[in-house]
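First the structure, in the form of structure tokens, and then the observations on it.
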Amino acid sequence: MRSIALFTAAAGLLVSGSVLAQDAPAPADAATPPAADTSAPAPADAGTPPPAEAAAPAAAEPAPADTAAAPAAVDASAPPADTATSDPFAGVRDIDYVGILGNYDRADTHRGPDVKYGAGASFLYGRHFANHWGWEANYTLSTLEAGAGNGGDYYIHNLGGDVTYSFGDRQHFTPFVLLGGGGAFDDVHPRENGGASGYVDGGLGFTTGTFWHNRIRLRAEVRASHDFISTPDHNGFTDYRAGIGLEIPFYELKPFHAAPSEPEVQVVKVP
């Protein structure tokens, strides 16, 4: 009975010990590091760099482009301004010239039944301006056929000047118009059919481009000339003449080069 009681007591102690061993927490293992406590802040580590947010300040957002404040950049590759639009008279220069023309004359029918046609010559000195206007001083001698055997006994002297307008630069093919007047003297026989008076004239013509080192050009023109000479039979006569000859500038023309214009400025947006 006593041995049964001892056996029962020993068995109870063993059962109680196993129950206590299951309820008790497991002891700390030196090989396994304790779990990190997320509730507590981790200590700063001198060897680990701080996060990017703490290492550098936040990058500033790029400011919008301000074209008013940004300086204008010069684009050297931009083509220069067109000189043809900036200078409408590019290539046109003031020109002094002399000229000589051979003329064919058609006399006014009121000068007489025997006075019909003739020939003559004109000598002129002129100046052409860059704005297409110009002036000319001229002397013209006309010899008309008259009388028995068509003898040349009818002479007309004209000395005067004209204002000209050229539709070009007179370095290339250039039409022109002219208007002017001066003094006339008709040296005829009989004397009562001649005398001195004033005259007015007008005409049109053209010049060609220059050649032979830019020193000569051809000129052709037609014009009408009306004088105010009074005769026993008629007052005032209108004669016509056509001429062709040469104009000679006083100097060799040089190519015209416009001054270089400023390069085009373009605004470049700088972020």
Calculated from backbone phi, Karplus (6.51, -1.76, 1.60) coupling profile of the range 100-117 in Hz, x at Gly/Pro: 9, 10, x, 10, 10, 10, 10, 7, 4, 5, 7, 6, x, x, 9, 9, 10, 8
Accessible area of residue 208 in the full protein assembly, 1.4 Å probe (Å², nearest 10): 40
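Could you please tell me the mean projected area of the C-alpha convex hull for the range 109-219, averaged over all directions and given in square nanometres to one decimal? Show your work: numbers first, answer last.
Values: hull surface 32.4 nm².
Result: 8.1 nm².
How much length is gained on full extension from residue 265 to residue 220, taking 0.36 nm per residue of separation minus their Cα-Cα distance?
Details: separation 45, 0.36 × 45 = 16.20 nm, distance 4.91 nm.
Extending this stretch completely gives an extra 11.3 nm.
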Computed accessible area, residue 116, all protein chains, 1.4 angstrom probe, square angstrom: 110
Carbon + sulfur, % of accessible area of the range 124-247 - ligands and nucleic acids excluded, 1.4 Å: 66
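The values are calculated or read from the model by the stated rules, or taken from the named source; none is laboratory data. Please read all numbers here as calculations on a predicted model, not as lab measurements. SASA here: full protein model, heavy atoms, side chains in, ligands and nucleic acids out. Shrake-Rupley method; radii C 1.70, N 1.55, O 1.52, S 1.80 Å.
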